[in-house]
Amino acid sequence: MTRDDERIAIVGGGLAGALLATLLGRRGLEVTLYERRPDPRIAGAERGRSINLAISARGLAALDAVGLRDQALKRALPMHGRMIHPLGKGLDFQPYSADGERAINSISRAELNQALLGAAEATPGVTVRFSQRVTGVDTAAGLLLLEGPDGPVTERAGVVLAGDGAYSAVRRSLAAGGGIDDRQDFLEHGYKELTIPGRGATPDDPGDFALDPDALHIWPRGTAMMIALPNLDRSFTCTLFWPKSDFEALDTAAKVRAHFETHYPDAARLMPALTDDFAHNPVGSLVTVRCWPWVRYGQGSIVALLGDAAHAIVPFFGQGANCAFEDCIEIDRLLGEAGGDWAGALSRYQEQRKANTDAIAAMALDNFVEMRDRVGSPVYRLKQTAQHALERRSAGRYLSRYELVSFTTMPYAQIPRRIRRQNQVVAAGLLGGALLAGLAARRLRRRPGRRRGCARVGT
Ligand SMILES: Cc1cc2nc3c(=O)[nH]c(=O)nc-3n(C[C@H](O)[C@H](O)[C@H](O)COP(=O)(O)OP(=O)(O)OC[C@H]3O[C@@H](n4cnc5c(N)ncnc54)[C@H](O)[C@@H]3O)c2cc1C
């Protein structure tokens, strides 16, 4: 296949698809972006679908590549730490970084998506087509199968880059053709979004933040957990993570109120629309997609999966979008390195990214236990204080897992190895310290003995 007969199709105008379209357009390529939804700038966002996102170093680096970093940060609220809401005890603020300076950023998903779509549309060579649902790919014939407003159509596409989300139609279509291992692991937990409006908010006045806007709020409750991120309109979007069967059990407004007043009393007081939100907002699923390979080479087209379509992860490290953005940067970079050879670039893309996305998938699952169980414990607090003290004294040689994931662009796969090495050094240091202390104590114990010996000699 030569570059001339390659029509490039990007499926999905979400966060990753829109960013990738912009990057490829800037490279001088002709790209068509197909999005299932109508234009969100006209139709508005869907109800209860992760209204805000925490964007950190990786996401910001990617936005920087298309000149959107500063615009995004201007519309973001920095969160410098976690605010823990234990049941029956006072609030506990835990800074994310040792110096307390670093923050993750609460950003409206809809606004970010719209900014990215705007950037894509403004890029010469990029065409964005809304209300186009891709139903599958025919890699032998080099065709994209679509359901548009006028019914089913097919379009030629030599390169298909599928960023159509966790339940990707393209991935399903490839898996149906065989040769792709498509595993989806669902948590028994689902999630539901709820709202804390601004204090004293009226239709004309957003009021004031009802909680500290400089923190990501967490209500750790063992098998359940609620988090809240601030929005620019001074509200907070809360996400309750809970086993799906428990959501179903709260089937009346009275049960919902009673449950929240018992388990989340401080939040319940701030949620006037709680029972309405609970009744009407959907329960979302939490899935880890483990699929391989991500690239299919057919006679007529090459198809590659990216973002959630390739590796959706659970949201407990706030990294899904950050990671999807990294995919786009990598595809664009590798295409440049390969001199426009798609087959070579996409082969290297999947080889290099898989270990990284596996690593963040595992860390995200592990962080669920940390957030819902450990963050409230005194042992965790002590460990975090010790880690921050080490970070301050080690001039960057010791960094916590959270810092490495959220405040650096170190490849995810290197992070567990680095943490192991750091822990070994700390353990060796502690062991060495304990041995030295033991030796010192022995010397001290022996000295009076010697003195006694001397005295005996003297007597
Ligand atoms: C509750 C929750 C909280 C989260 N919080 C964070 C966070 O704080 N930080 C973070 O980094 N990540 C977070 N994430 C993860 C993040 O939302 C995803 O990783 C990210 O949106 C992935 O981007 P994407 O472009 O791959 O997929 P999506 O954003 O899902 O975009 C897919 C796009 O494809 C379109 N599409 C779907 N099917 C088709 C089709 N057949 N044809 C054409 N178009 C189609 C969709 O309409 C959509 O526009 C969270 C996720 C959840 C569920």
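The values are calculated or read from the model by the stated rules, or taken from the named source; none is laboratory data. All figures in this text were calculated on a predicted structure; none of them were measured in a lab. Methodologically, a virtual Cβ is constructed for each residue, glycine included, from the backbone with ideal geometry; neighbour enumeration extends over all protein chains shown. Remember, those area values only see protein heavy atoms, side chains included, never the ligands or the DNA or RNA. Shrake-Rupley method; radii C 1.70, N 1.55, O 1.52, S 1.80 Å.
Please go through the range 292-315 and give me each residue that is near the ligand (Cβ under 9 Å from one of its atoms) and open to solvent by 20 Å² or more (accessible area, probe 1.4 Å), ordered by number.
Passing the criteria: ASP308, ILE313, PRO315.
Based on this model, can you work out whether ASP341 counts as in contact (Cβ under 8 Å) with a residue 12 or more places away in the chain and either over 23 Å from the mean Cα position of the chain (by Cα) or open to solvent by 10 Å² or more (accessible area, probe 1.4 Å) (or both)?
no
Going residue by residue through the range 140-154, is there one that turns out to be over 20 Å from LEU229 (Cα atoms), open to solvent by 60 Å² or more (accessible area, probe 1.4 Å), hydroxyl-bearing (Ser, Thr, Tyr) and modelled with pLDDT of 95 or more?
yes
Which of the numbered conditions does VAL289 fail, given that it passes all the others? Conditions: (1) farther than 24 Å from ASP185 by Cβ; (2) within 26 Å of the chain's Cα centre (by Cα); (3) open to solvent by less than 50 Å² (accessible area, probe 1.4 Å); (4) not small (Gly, Ala, Ser).
(1)
Looking at ALA169 and the list (1) open to solvent by 20 Å² or more (accessible area, probe 1.4 Å); (2) modelled with pLDDT of 95 or more; (3) more than 30 Å from GLU101 (Cα to Cα), which single condition is not satisfied?
With respect to (1) open to solvent by 20 Å² or more (accessible area, probe 1.4 Å); (2) modelled with pLDDT of 95 or more; (3) more than 30 Å from GLU101 (Cα to Cα), ALA169 is out only on (1).
I need a count of the residues in the range 168-226 that are closer than 30 Å to ALA141 by Cβ, part of a loop (DSSP other than H, G, I, E, B) and in contact (Cβ under 8 Å) with a residue 12 or more places away in the chain.
Counting residues in the range 168-226 that are closer than 30 Å to ALA141 by Cβ, part of a loop (DSSP other than H, G, I, E, B) and in contact (Cβ under 8 Å) with a residue 12 or more places away in the chain gives 4.
Inspect the range 380-388 for any residue being within 25 Å of GLY429 (Cβ to Cβ) and among the basic types (Lys, Arg) and give the result as yes or no.
There is at least one residue in the range 380-388 that is within 25 Å of GLY429 (Cβ to Cβ) and among the basic types (Lys, Arg).
One residue is enough: does the range 238-247 have a residue meeting the conditions outside the structural domain of ALA54 (by TED's automatic domain parsing) and away from the ligand (no atom under 16 Å from the Cβ)?
Checked against the condition, which is being outside the structural domain of ALA54 (by TED's automatic domain parsing) and away from the ligand (no atom under 16 Å from the Cβ), the range 238-247 yields at least one hit.
Among the residues of the range 202-231 satisfying the criterion of being at pLDDT below 95 and open to solvent by 50 Å² or more (accessible area, probe 1.4 Å), which is nearest to GLU188 (Cα to Cα)?
Checking each candidate, the answer is THR223.
Testing PRO197 on (1) closer than 26 Å to ALA72 by Cβ; (2) within 16 Å of the ligand (Cβ to nearest atom), one condition comes back false. Which one is that?
(2)
So which residues in the range 246-264 are surrounded by fewer than 21 Cβ atoms within 10 Å (Cβ to Cβ) and touching a residue at least 24 places away in the same chain (Cβ under 8 Å), if there are any at all?
PHE247, LEU250, ALA253, HIS263
Just one of SER106, SER97, SER131 is in contact with a helix residue (DSSP H, G or I) (Cβ under 7 Å, 6 or more places away or on another chain) and open to solvent by less than 60 Å² (accessible area, probe 1.4 Å); which is it?
Result of the check over SER106, SER97, SER131: SER97.
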